[in-house]
1. Mind listing P(r) for the protein assembly as shown? All alpha-carbon pairs, 10 Å bins, whole percents.
2. Under a Cβ-Cβ cut-off of 14 Å, what is the net charge of the residues other than A:T86 that fall near it, where Lys and Arg count +1 and Asp and Glu count -1?
3. To the nearest 0.05, how large is the calculated FRET efficiency for A:E60 and B:T209 if R₀ is 56 Å and r is the Cβ-Cβ distance?
4. Under 12 Å from the Cβ of A:K155, count the other residues' Cβ atoms, weight Lys and Arg +1, Asp and Glu -1, and hand me the total.
5. Suppose only helical runs count, i.e. DSSP H with n ≥ 4. What mean residue ellipticity at 222 nm does that imply for chain B under -39500 (n - 2.57) per run, divided by all residues and rounded to the nearest 500 deg cm²/dmol?
6. Quick one: if you stick a label point 7 Å off each Cα along the C-beta vector at B:Q282 and B:V304, how many nm between them?
7. Per-residue counts of other Cβ atoms within 10 Å, averaged by peptide: what ranking do you get for B:190-196, B:90-96, A:30-36, highest first?
8. Pairs of alpha-carbon atoms within less than 8 angstrom and 6+ residues apart define the contacts here; what relative contact order does chain B have, in percent?
Amino acid sequence: MDNETSILIAGFGGQGVILAGNVLAYACIDAGKNVCAMASYGAEVRGGTAKGVISISDNEIDSPIIEQANLAIIMNAPSYMKYAKTIRPNSPVIVNSSMIDLSKTKKSDLDIVGVDATNLAIKMGNIKVANIIMLGVMIKKTGILEPQSVFNGMKRAFSKGKRGLYYINEIAFRTGYDLI
Amino acid sequence: MAANNSTGSDTVKVLMKGNEAVGEAAIKAGCICYFAYPITPQTETPEYLAKRMEEENLIFLQAESELAAINMVYGASAAGVRVMTSSSSPGISLKQEGLSYIAGAELPCVIVNVVRGGPGLGNIEASQADYFQSTRGGGHGDYRCITLAPNSVQECYDMTMQAFDLSDYYRVPAIIQNDGIIGQLVEPFEIRPYKPMFEKFPPKDWALTGCAGRKPNVVRTLYLNPPDGLEQLNRKLDKRYKKIHDEVRWSEEFNCDSADLIIVAYGSTSRIAKSAIKRHNQNGKKVGMFRPKTLWPWPDVELVKIAQKNKGSKILVIEMSTGQMLEDVQLSLMDIVPKTDILFYGMGGGWNPTPDLIYEKISEILKK
């Protein structure tokens, strides 16, 4: 339990919250770690908040329900308002500063890392890769996985009809990874 | 999240939701027909099967209602094929009339219930409040359904295949009682090839397959003549249920040697409880867990054995309901554990415990 990393990923529907979780989970399989993920389900609407919690551990993961995440990626302001208080104090939180005013995050007891992810993604030509830029920053910040595992995970997450999306996502990841 | 079949190996770990794993297992076990109607939190099963069954040239049909779906199951089963339906609590209630008929006609089928909060339309949160419904028959008349309770995505996959086997072997409906947490959970698991549980299955010589060259078969549930016809059917079923109780009681124990407190929990609750138990074990506290994997037949003999080797220990039943399995625990242990030593922690309505809540509850009990 104590050496478990519980990662909260939140944003609005369409920002690739679930996809980022998918990539992360496949990367964990590649790295031989145990992983278990719960996405919010049910009465969700397009443009509403989407949330997933991913637990990673070298040991068996028992409870799929976690009290507090100890690492987070937050993609938009409403998600920050909603979920910041549920994260364990002093945990690293990667926030998308293109959509979250960093002056509002100053008061918190979290280890905030601002990333201008949406604007960087637009410059790369695909706004949708903001999530993977954030993932790159998170992996660099925490070292929980080797980049190679993430690339292997991406190859599985972008399989079949989505294979063409692999390269831009690899570049997005490297962009994030090299930011800090 | 979608299946990923990028490699050809049978034991590669894939990532799926519990609900999707149920669907893949059904296909692997030779399910020919699937009939259902969408409802949260089980809709990933029909969503997954809509795609996969077409690929495999099998029959997927989204019925106009739950009632229609269960009667299609009745028909397909009478025709001798492996068939499945799935739903969540309010939808399963709608299916109970058909389920009673299927049980009365001694037909096999698999029914998946991803339980949500009730009564009524309730809510869409995970719950375990359909325990009575699953284990006591659910519809009218004296009948039982084999009820399996997975607590991981791997078990969603394995138990669905086993449910088909058990149902065919004993000619009773089999239920997978899941809940919104395990159904929605994404975990890596192994897509194992289907291995039948039994070497030989009884031939389906009762099936309606066209009677050219033989006497017509009749599948029915109405017994008016002779007057004791229905009694005979009930005697036969009763004998069968006792045989199932003798042969299919599945459970698992964790740290149940010289425990001061034994938790009894199933499904997602057992996983949440295990986190709390491990924390207590690390602090030197002797807490164990008994987890039924079959809710019916209830593993009473196994629980009695554990209670006997832990004389004087307390029992704590944890459920996402106001106490349903609790009654089975009390009945099993009535001669060996004082009723006041069987404690309960739980609530219905979509409430779910957390490791912290269970940890606190255990501390409270151990202090007394």
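Bear in mind these aren't lab numbers, they're just calculated from the coordinates by the rules spelled out. Predicted, not measured: the structure shown is a model, and the values here were computed from it. Cβ placement follows ideal geometry from the backbone for every residue including glycine, while neighbour counts extend to all protein chains displayed.
1. 4, 17, 26, 24, 17, 8, 3, 1, 0
2. Numbers: positive: A:K51, A:K82, A:K85, A:R88; negative: A:E67, A:D109, B:D356.
Local net charge: +1.
3. Values: r = 47 Å, r/R0 = 0.84.
For A:E60 and B:T209, the calculated efficiency is 0.75.
4. Numbers: positive: A:R156, A:K160, A:K162, A:R163; negative: A:D30, A:E170.
Surrounding charge for A:K155 is +2.
5. Details: 13 runs with 146 residues, N = 368.
So the helix-based figure for chain B works out to -12000 deg cm²/dmol.
6. 3.8
7. On the way: B:190-196: 13.4, B:90-96: 20.9, A:30-36: 18.7.
Averaged packing, sorted descending, gives the order B:90-96, A:30-36, B:190-196.
8. Numbers: 761 pairs, mean separation 63.3, N = 368.
After rounding, I find 17 percent.
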